[in-house]
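Asks: Mind having a look at this structure? Questions to follow.
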Amino acid sequence: MQVGIDQIGLYTPNKYVDMVDLAHARNEDPNKYLIGIGQTQMSVADSTQDSVSMGINSTRRYIDQIDKDKVGLLVLGTESSVDQSKSASLFVKTALQLKPEVRTFEVKEACFGLTAALMIARDYVRVHPEHTVIVIGSDIARYGVNTPGEVTQGAGSISMLIKTDPRILSLNDGHSAYSANINDFWRPNNSKTALVDGKYSTQVYLDFFAKTFNDYKKLKGWSTQDFGSLIYHLPFTKMGLKANRLSVEGQDETTSKRLEKSFAASKQLSKRIGNIYTASLYMSLLSLIENAQLEPNSLIGLFSYGSGAMAEFFSGNLVDGYEEVIDKNSDVKMLDRRKKLTIKEYEDIFNEALMDPEDGIELASDEEPGNWYFAGTKNHVRQYKQK
């Protein structure tokens, strides 16, 4: 029985900062951001967008195309949770009008959250093949205005439908996992912004990639040449580029060029949206299948990493006809519809979003009609509305 990804939906807020503008404002050479970090734009979430609203909006991209009565499980992975107790997935489930019998919860392990949700979904469908599962990664990456990590911020969500006989990617058996209790990145309960040791985190990321990639190849009896594409969690695109360079070391020219070309395709969305934590790897997958010319049944390797730290390497095979399921034009339109912010506008919106709105004050959204947004709290209960 084949189980895998049948639908993918992307959402990112309607505002962005241009990296050249940000570099000039920070008295930096733009190439430090454009080449050294590998980013061109960064999506910005205002006070009306959070992990719940973005998760709803990414799932709306395909919800009308599926049989909602078959959904048996909804799992949301995030490190931008809106409540210390109540799952964000309950708000999402209600907005999507899923039946009460749907099991739902939230999972967390930094940027590994959506991969954890995916693996839970895969195993659930294997036991309940008549059901489908919605998995969501939804996050806002915040490090602070004029901080070293500022250029690696972003906001967005990826939602996927997992089922038997998938139409995009069929997941293969087996994986390679590796974890360690380290402090390369974390966000204390009393902080709205993350703390990170950037150089250390990059080195751990690369070490964990080499470990899990090599272990996976040994497990499966495969070589690097067997992969049509390798994709990565991308907190910023240069991080993935460094991992991809490790993967092609010592490979023949054909393999190296193929993996370099596929990586270039996989980073296009990330370059314009930025870091979306749990969903970043799966935004790479969406970018790959939207921008690369892939062979039928192409083997795709996926490297997932969550700081703190947890890593996993696994793979899937592309399903023939996947092109009919994805909607690249709508994704391009969504990015192009965003408003370009001045640096002053960005800083004001960013700092305002760090503060909880006063209870009882209703927030208004400038999003497009149909999208959901956080409308503030009423008697300290979060309110979500559709524009």
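The values are calculated or read from the model by the stated rules, or taken from the named source; none is laboratory data. No experiment lies behind these values; they were computed from the predicted model shown. Cβ coordinates were reconstructed from backbone atoms using ideal geometry, including for glycine residues, and neighbour counts include every protein chain displayed.
Asks: Please tell me if Asn190 is under 22 Å from the mean Cα position of the chain (by Cα) and part of a loop (DSSP other than H, G, I, E, B).
Replies: No: the conditions fail for Asn190.
Asks: Given the conditions (1) under 26 Å from Gly370 (Cα atoms); (2) in contact (Cβ under 8 Å) with a residue 24 or more places away in the chain; (3) surrounded by fewer than 24 Cβ atoms within 10 Å (Cβ to Cβ), and given that Lys93 satisfies all but one, which numbered condition is not satisfied?
Replies: It is condition (2) that Lys93 fails.
Asks: Next up: Quick check: anything in the stretch 71-83 more than 21 Å from Ile140 (Cβ to Cβ), polar (S, T, N, Q) and outside the structural domain of Ala309 (by TED's automatic domain parsing)?
Replies: no
Asks: Here's something else I'd like to know. Could you list, in sequence order, all residues of the stretch 301-325 that are charged (D, E, K, R) and either within 13 Å of Ile5 (Cβ to Cβ) or surrounded by fewer than 19 Cβ atoms within 10 Å (Cβ to Cβ) (or both)?
Replies: Asp320, Glu323, Glu324
Asks: Another question about this same structure. Checking the conditions here, which among Pro129, Pro166 is crowded, with 23+ Cβ neighbours inside 10 Å, over 20 Å from Met310 (Cβ atoms) and either touching an Asp or Glu at 6+ places or on another chain (Cβ under 6 Å) or touching a residue at least 60 places away in the same chain (Cβ under 8 Å) (or both)?
Replies: After applying the criteria, what remains is Pro166.
Asks: If a residue has to be in contact with a strand residue (DSSP E or B) (Cβ under 9 Å, 6 or more places away or on another chain) and surrounded by fewer than 16 Cβ atoms within 10 Å (Cβ to Cβ) to count, how many in the stretch 69-89 make the cut?
Replies: 3
Asks: Out of the strands (runs of 3 or more DSSP E) lying entirely within the stretch 1-73, which hold 3 or more residues that are of a type in the set (A, V, I, L, M, F, W, C) and in contact (Cβ under 8 Å) with a residue 24 or more places away in the chain?
Replies: 3-11
Asks: Restricting to helices (runs of 4 or more DSSP H) lying wholly in the stretch 269-387: which have 3 or more residues that are closer than 30 Å to Tyr178 by Cα and either among the aromatic types (Phe, Trp, Tyr) or touching a helix residue (DSSP H, G or I) at 6+ places or on another chain (Cβ under 6 Å) (or both)?
Replies: Because the criterion is at least 3 residues that are closer than 30 Å to Tyr178 by Cα and either among the aromatic types (Phe, Trp, Tyr) or touching a helix residue (DSSP H, G or I) at 6+ places or on another chain (Cβ under 6 Å) (or both), the helices (runs of 4 or more DSSP H) in the stretch 269-387 that meet it are 280-291.
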